[in-house]
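Structure first, commentary second.
The values are calculated or read from the model by the stated rules, or taken from the named source; none is laboratory data. Keep in mind the model is a prediction, meaning the values are calculated, not measured. Here Cβ is always computed from backbone atoms with ideal geometry, including for glycine, and neighbour counts include all displayed protein chains. Ligands, DNA and RNA are stripped out before the accessible areas are found, and what is left, the full protein with its side chains, is counted by its heavy atoms. Shrake-Rupley method; radii C 1.70, N 1.55, O 1.52, S 1.80 Å.
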Amino acid sequence: QVQLIESGGGLVQAGGSLRLSCAASGGTFSRYAMGWFRQAPGKDREFVADISRSGDVTYYTASVKGRFTISRDNAKNTVYLQMTSLGPEDTAVYYCAATRSTSYYRTHAYDVWGQGTQVTVSS
């Protein structure tokens, strides 16, 4: 099993950029596919992006495609979310998650979650 800690959140102006990090400890990081989710005030948790174990396959929800980039560095046990062209609609608590599932891209079922990091975009 792994433990996850997000960092890099904060306040940014509309049109700006921000990079989130998720550090993993315990377990074997390269055996986990990783995902990013977010939850805005008063709304349900939403899938944002995921990345395969080797990092060679990525997928994004339509609203962030072309603006966000997910990546991972298995040597550093870290997954990243680079966010650009941010707008107020991106304001949310962002969570990273890990799964051993081989069908994560279809089910979005994750086993381990971080505490979350707040991203606030001002207009």
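In the set R38, R72, R67, only one residue is at pLDDT 95 or above and over 19 Å from L86 (Cα atoms); that residue is R72.
Of all residues in region 72-119, those that are among the charged types (D, E, K, R) and outside any loop (DSSP other than H, G, I, E, B) total 5.
Number of residues in region 1-13 that are closer than 12 Å to V119 by Cα and more than 18 Å from the chain's Cα centre (by Cα): the value is 1. Hey, among the residues in region 14-65 that are part of a strand (DSSP E or B) and of a type in the set (K, R), which one's most open to solvent (accessible area, probe 1.4 Å)? Across region 14-65, the extreme among qualifying residues is R19.
Does region 110-121 contain any residue that is over 15 Å from the mean Cα position of the chain (by Cα), more than 18 Å from I5 (Cβ to Cβ) and at pLDDT 95 or above? The answer is yes, given that some residue of region 110-121 is over 15 Å from the mean Cα position of the chain (by Cα), more than 18 Å from I5 (Cβ to Cβ) and at pLDDT 95 or above.
When the residues of region 66-75 are filtered to those that are free of Cβ contacts under 8 Å to residues at least 24 places away in the same chain and not hydrophobic (A, V, I, L, M, F, W, C), which remaining residue is surrounded by the fewest Cβ atoms within 10 Å (Cβ to Cβ)? Per the criteria, the residue is G66. Scanning region 33-60 for residues that are within 12 Å of the chain's Cα centre (by Cα) and more than 17 Å from P88 (Cα to Cα) yields A33, M34, G35, W36, F47, A49, D50, I51, T58, Y59, Y60. Being of a type in the set (S, T, Y) and closer than 24 Å to S103 by Cβ is a condition met by at least one residue of region 30-45.
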